[in-house]
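> Take this structure first; my questions come after.
The values are calculated or read from the model by the stated rules, or taken from the named source; none is laboratory data. Just so it is clear, the structure is predicted and the values come from calculations on it, not from any experiment. All Cβ positions, even for glycine, are placed from backbone atoms using ideal geometry, and neighbour counts span all protein chains on display.
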């Protein structure tokens, strides 16, 4: 099962906890589509990156996807010329979400050629062309794009070995080489990638992730961060599930309370307590979090 489908499978469980509020989330996600055919970013403009989350959210809730208008939007991006690394991956994921029909072979080759422009000497990937090393996030995006287009990255083992220089003294991962301590999202990305490929991960990693829980629930992005956030919470729970680590019942309740504080009656989720915006990205992370907490 691809990385995309794994996320979608868990998010489909969110209605167990959403209950009657599920329809509110469906309506919010449906409202994110623009006249151009893509979902809106935080400035209100159609954007491929936000479209992948809006599509995934609607699919997770068995809602109607605006297929024809979205296809027209994807076609405006052609072979991905001029797109950066993240948006190339988003275009691949959008095609996969609407498949069939898949993009034509020429588009597949062009997208993968674009992704390979961001391959680093260590075998990893990152969207910053000036960097000479890959990141955990870059590896996750690249592997996902290849899977979404029905391919496997060349030199897959070098993609994994590139994660070694991102290991931190506390036994986890950062997106920066030689970092003094790990980061939740980088660690979650590395764990998800390694376990997806059937590779072992030390139990200590699960311990470290659980140590990042804020006293009021939710996970911090880095040790000592003042606030938890929904992205870190969703990715940490996903990584813990990949490690077959069940969270304690007391933590489960605190995480439920945390997610509830980010819920808005309009049907979307905020990213953290200081976030005034609602968007498709964090709303999908809300679904992913609730899906894991429903297990």
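Residues are listed down the side, and each one gets a yes or a no for (1) touching a residue at least 40 places away in the same chain (Cβ under 8 Å); (2) surrounded by fewer than 20 Cβ atoms within 10 Å (Cβ to Cβ); (3) more than 21 Å from residue 60 (Cβ to Cβ):
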position	(1), (2), (3)
212	no, no, yes
222	yes, yes, yes
225	no, yes, yes
232	yes, no, no
237	yes, no, no
244	no, yes, yes
253	no, yes, yes
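> Would you confirm whether any residue within segment 282-293 is touching a residue at least 24 places away in the same chain (Cβ under 8 Å), touching a helix residue (DSSP H, G or I) at 6+ places or on another chain (Cβ under 8 Å) and farther than 25 Å from residue 57 by Cβ?
no
> While we're here: Looking for something at negative phi and over 19 Å from the mean Cα position of the chain (by Cα) - is there at least one such residue anywhere in segment 183-193?
No.
> Checking the structure you have, find out if any residue of segment 228-248 is modelled with pLDDT under 95, under 20 Å from residue 4 (Cβ atoms) and not in a helix (DSSP H, G or I).
no
> Same structure, new question: Anything in segment 108-137 that is in contact (Cβ under 8 Å) with a residue 40 or more places away in the chain and closer than 21 Å to residue 79 by Cβ? List them, or say none.
Selection gives 108, 125, 127.
> Take segment 30-59 and flag every residue that is crowded, with 23+ Cβ neighbours inside 10 Å, out of contact with any strand residue (DSSP E or B) (no Cβ under 8 Å at 6 or more places or on another chain) and closer than 24 Å to residue 290 by Cα.
Hits for segment 30-59 are 52, 56, 57, 58.
> Here's a follow-up. Check off (1) in contact (Cβ under 8 Å) with a residue 12 or more places away in the chain; (2) within 25 Å of residue 248 (Cα to Cα); (3) in contact with a helix residue (DSSP H, G or I) (Cβ under 8 Å, 6 or more places away or on another chain) for residue 200 and give me the number that stays unchecked.
(1)
> Being assigned to a loop (DSSP other than H, G, I, E, B) and out of contact with any strand residue (DSSP E or B) (no Cβ under 7 Å at 6 or more places or on another chain): is that true of residue 180 here?
yes
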